[in-house]
1. Under a Cβ-only charge scheme (Lys and Arg +1, Asp and Glu -1), can you give me the dipole magnitude of region B:235-310 about the Cα centre, in debye to the nearest 20?
2. Towards the positive end of the charge dipole of region B:61-168, with charges on Cβ (+1 Lys, Arg; -1 Asp, Glu), say which of B:T138, B:T128, B:Y157 has the farthest Cα.
3. Which order do the peptides B:454-463, B:584-593 come out in when sorted by mean C-beta neighbours inside 10 angstrom, highest first?
4. For region A:126-266, what is the charge dipole size about the Cα centre, in debye to the nearest 20, if Lys and Arg each add +1 at the Cβ and Asp and Glu each add -1 at the Cβ?
5. Could you tell me which of rounded, prolate or oblate describes region A:126-266, using a ≥ b ≥ c as the square roots of the eigenvalues of the alpha-carbon gyration tensor, with rounded for a/c under 1.5 and, failing that, prolate when a/b is larger than b/c and oblate otherwise?
6. Once the dipole of the protein assembly as shown is set up with Lys and Arg at +1 and Asp and Glu at -1 on Cβ about the Cα centre, which of B:V286, B:L549, A:N580 lies farthest towards its positive end?
7. Using only the alpha-carbon atoms, what does region B:359-528 span along each of its principal axes? Please give whole angstrom values in decreasing order.
8. If one takes the longest principal axis of the Cα atoms in chain B, at what angle in degrees, from 0 to 90 and to the nearest 10, does the Cα axis of helix B:130-139 lie?
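No value in this document is a laboratory result; all are computed from the given coordinates. Fair warning: this is a prediction, and the values are worked out from it, not measured in the lab. Counting neighbours? That spans all protein chains shown, and the Cβs are built from the backbone with ideal geometry, glycine included.
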Amino acid sequence: MSKIINFKIDGQTVEAQKGETILQVARKNDIYIPTMCYIEKTSACASCRMCVVEAEGVDGFVLSCNTPPTEGIEITTNTVALEEERVNIMKLYDVNHPLECGVCDKSGECDLQNKTLEFNVGQQNFSAKDQQRKIEHWGLINYDPSLCIMCEKCTHVCNEVIGDDAIDVKFGGYGSTIIPKNAETLDCTFCGECIAVCPVGALVSSDFQYSANAWELSRIPSTCAHCSAGCSLEYETRHHGINTESTIHRVKNNFEFTSLCGAGRFGFDFQNKSVSDNAAFDKAVEALKNANAIRFSSIITNEEAQILQLLKEKLDVKLFNEDARKFSEFMKAYSSVSGKKHHSGSLDAIKQADGIIIIGSRIATDNPGVRYAMTTASRHNGAKIVYAHPIEDVLMQNTVTQFMKYEAGSEEGVLALLANTLLKNADVDEATRAFLDDLDLGYIEAESNVGEDELLNITKTFARTQNRVLIIGSDVFAHESAQNIAKLAATIEKYTDFSLVIIPQEVNTLGVSLICDLDIDENISNVVGYNADGDFIISALEDANLSVGALNQQEGTVVSIDNRLLPLNVAVEFKGTNLNEIVKRVGLEKENTVDYTEVLPSSSGFQAVNFDSLENFLDKYGNDTRGYILDEVETLVDGTLTAVADLAEFNGTVIYHSNPVLQFNSFTNTTKQLERDTTLRGSAQFSAAAKIVDGEKIEISFGTSTITRVFKLDPELKGTVALNPTFDINVAANEYKFLKSKIVRTI
Amino acid sequence: MSKVYFSTWKGESINNIGKPEEEWQESAYNLPAQYDDHRESKAFIGWDGVALFSEDVDVIRLAMEYAAQYQEYSEACGRCAPGRWGGRILYDQLDKIARGEGAVADLDHLKEIGKSMQVTSKCEIGKTVPNPIIDLMTHFEDTFMECINEQKESKHYKESIGYIAKITSPCSDACPADVDIPGYIEGVRDMRFDDSLMATRETMPLAHVCGRVCPHPCEDACRRTNLDEPISIMALKRLGADWETDHGYDFFQPMEPKPKTGKKVAVVGAGPAGLTTAYYLASEGVEVDVYEALPVLGGEVTVGVPEYRMPWDKYLQDIECVRDMGVNFILNHNVSKEDMTRFESEYDATMIASGTRISKAVRCSNERPEIQGYWGAIDFLDWVNLYEKFDIKTPESVQKQQMLPTDHVDLTGKTLACVGGGFTSMDVVRCAIRAGAKRVVMIYRRDEKTIIRNTTYEEYHEAVEEGVEFIFHSAVNEIVDENDVLKALVIDKFELVPDPNGGRAQLVKIEGASETIDFDYLIPAVSQSADLGFIPDDWDLEMTSWATLKTNGKDYMTSRKGVFASGDCEYGPMTIVNAVGQAKRGASVISRYIESGEITLTDDEIMEDHLKKLKVYDKKEKVTGWLPGLPREHSSVLDTDFRRSNNEEVNLGFTQEQALSEADRCMRCYYIAMVQA
């Protein structure tokens, strides 16, 4: 049976792929069918009934949003009878809808208003008794049920795309409303996706409410600067009055096809507000000239990284960035087996997957973009998802089908066990077979705590899967066996149909690692810090010796988890200087920072494309046309797997560097709306082992650091490892994220 | 046939207005004219029309109350724009007329909104609610106009009148357990699998089981059949249950167990009927002890239904869900007469759910239980399943009697015949294949079509694929033995001779066509009977002609007060879903009986029984508003060569894509029926 279905819409011959609905085919062919509740990225809500069409030979109207076409059927999208019903539906939507458009936050960007005008609803023949309804305040989100048209888009995205499944429809006919699911108030990760998809002013940002009219806001398309998912967004800015600076009022996204987490949506005000004087600028130039090294973070653009690399070559300074260096070493080891620079997978591959194994990440907080892709795979493809980690995550329960707990430090062993399982019948080379045959499975299983039955279960549940992805998280980059882990991942990618996604830690860890030749960080004199510690600090954060703009204040590009180069734009102006101005004084010559975009190294897959010719939008069909995907680069295959060494043991009070929801780094830490939970969170078991109780103030020593925190007993956590946030402290990126620690109570 | 004053039910047009009662024309349908023992109905109003049993009905109020049901009581409502606002407008406008404030234009608005609802609503409830209302407005226009013109209240506007409504659907109505099928399918469509599962568990605790091995009578009443093919209803039930299990959730219970009432109920048997009784009684705060004779829970679904059809780890989830509601199980307890007497004093009620565990004879010559190789289906399946699922070995006495070379049912090199035609016989022959038998034959009196109707299409074809031979139109005449060891069977052949008078065709033996075939085993699986030896003789319980416990089929109490019966021991060997339906009702009756001492049904149950009599599904109805020709999805099964030799689940279930596409075919045929009593 052919997978293509040929049929006609309004006389035009069109074709549908299996699984496509009449509405989807119509949209693909630019044929308009009105909808109020349809959203492309979820299953059909099917509540508005506007999209009814007529089908030749079929009595009655057919709903186009959830009906696939049949071969040869002739569909008509617009007749007098259809128009009449659509007008009636719009009249119904308008029954008792409050006439507060003048103060409604939608301020004209309202589907209800648009469709009311489109269908020319000039009079109302229907009436019903009005009802009193209370406005709900759910933290960052406000909900006004009297404005709600019950399209159900919000509940669908929350469950099917985000995975929080935190809101529900309370059925009750005319009195139906949206309520927090199984809770008194909204308890979710506050991604704000429900606000984004709301076609009316029912769900709004409490911060934005009553602060601006939509038409006064300027839109600046950019890329989210908080993690490596590379989500597209638009900053919306406005001047406060005459001669005042413009500020970001809110962030919006193309919710029809993409999503944002709450950090992206609400954590937009991380711009640098301080400005330094000329004297500081001169000092910075001097500091650079005398520098032995530049230490920098990965929260910078490719262009800045390129400038730093050129500085290294020009001034013979060292470049320190342990985060990117560790990642780069990991990827080099990966390349030595895979023969190419870039991992094969992408967020899209995850969304399409029906079998996913993720290891080495507390993913829901590490990279929400990956989590949402996994949620999509779970709901829409029924994906089998193995979540291998020392700590279970309640947020992932409705997505994960098999939690595989391993002992902290045993990732290499776990990867080896996975390789052994997945490569059982693969046609691998002799060296790989020998490696697998030599594995001491008994020892590894015992030390990692991963049982044979768990591995067998993967084989069993993955038997029917067709699109598989292996995801490797940032826990492993600083692992002492990181290189063997990378090679194991590459081996699985090479010899199976698994595609591979490796999650870079910071927004541009990947870009920096592809551009800079990094040195091992060491304690030497005359280090210039760039968004990092140093003897002289140039930074977009507080306490800088010279202030520069943050990522929402400059043009430039970053490389996302998809190996896609993505443009950033200026949302708010930075009045001071920037890195390029400084380096012009030490002999680098390009006029503007973005002049470096087209000279990024082709040896890493960058293309010679000018910044201004980079696109930054999704087209009307949802295709991502932003920036470009890096070219694949072949590498020498000279790596071999080394025997799995003794697995590390972590006893005593172990902490795990992991941020709470919506916090990522020192930039998210500066934003106004995002919650800042700086507690050490642990289970009852941890609390007993560490002899500390909820609310107690403690001093935690690990490695060379000592910090103070308050301990929070988290009933949702299990096990003996506590979660220590890093967004508010400096932690060494060359240290493995699980750390033995000493915890003492302080008074 | 019901006596009516006026009826538009299913398009009939009976109008006895103004005629003396003795001249009234009767309705062709089984309308609920008598609501219950002490109440007559005054009117019945539903998705396909309205019937009045009395002249005194306030038709405006009736229409208004029907619209109110849609607003207030329908769980299905609120999901689409036309239904949500339209339903409210219907109600408000009708109320306006009924209270004497209506205008002529209101009638036009009612008709206009009614039409919009009929053509654009999401489910049948929204599409059909306007039907009887418009009927009433049309046929009783004078009554409506009188209220409008004179601005007066309708005749019984302010009186207290009982209106009793129930939501139904063709599939739920056909389901013995009245499962909210459109509800759980909607859960799948919306990818809210927890909601889907809870919709199932409202009336059916065995979601894993009935998502796998239910003969799905609902699918014979699926309205989608009128358009193309029925929805694969059963297979979609599995989605919610698998979701809960796969994600390791605590049990999604649709209701919180109520506080303990202090009442106690004993249940005999932990099969589907016993589990169901216990589950719903426990949810009512009743302390329930379930006594099970076997060392394992689950009854025939555990020891009868093989692993490859119903994996034990999945059934265990259903059982644990019942336990989670707060049920106490007592294993290895073969209930005795003394126990039963004791139960009467120690418990507030007893539910007998002991099933039918005696294999009936095939009624042939030389049929003697002592013949080695003659092995009842129930016993045969017990030992197969106890070994495969629990590693319980076949005792030596059975090994010896049935000539087993080892401690489990190993039939390598043996030949086996089974006489049957139902699910049990199918389980026997397919287990025999898996036990290594070299030849397995099903001997069946009737034809292929009938065996498919009695089981399922899939079951029959999978057995054929696995190598089972079927000899149709045949029966065992005689067992041939040597020193009490079975050696061969004499098999008679029959033909179907049509009745010249147009009656049912008769099976007539073909003389001279009989043959003798060598066999090592004969497994009778024709039917089972109930073993009720544990019931005290002096109770003298009333029995059916099938030797099962007699109840009235509504409240499931036996002839002895406080002693109830459900499942196969009441009905005779029947389906799991039938046992669940009976037990659910029984539990509901018991929950009230132990408090009040009275046997009562709820309004919902009375309505359920009325609707079953009326039949919700109409196979002649023309379905509109849906695109026909979307084929039913079929789940894939394990490869024949692979599955023949192991017990892995044969049916792999739907892929998510298949499940979602199948759920999208569901037309949500919810209806509201309402009685004025």
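1. Working: 7 positive and 11 negative charges, 55 e Å.
Value, rounded to 20: 260 debye.
2. About the Cα centre, the residue reaching furthest to the positive side is B:T128.
3. Values: B:454-463: 17.6, B:584-593: 24.4.
The most tightly packed comes first, giving B:584-593, B:454-463.
4. On the way: 11 positive and 17 negative charges, 53 e Å.
In total the dipole reaches around 260 debye.
5. Values: a/c = 2.21, a/b = 1.42, b/c = 1.56.
The shape class here is oblate.
6. A:N580
7. 56, 38, 26
8. 50 degrees
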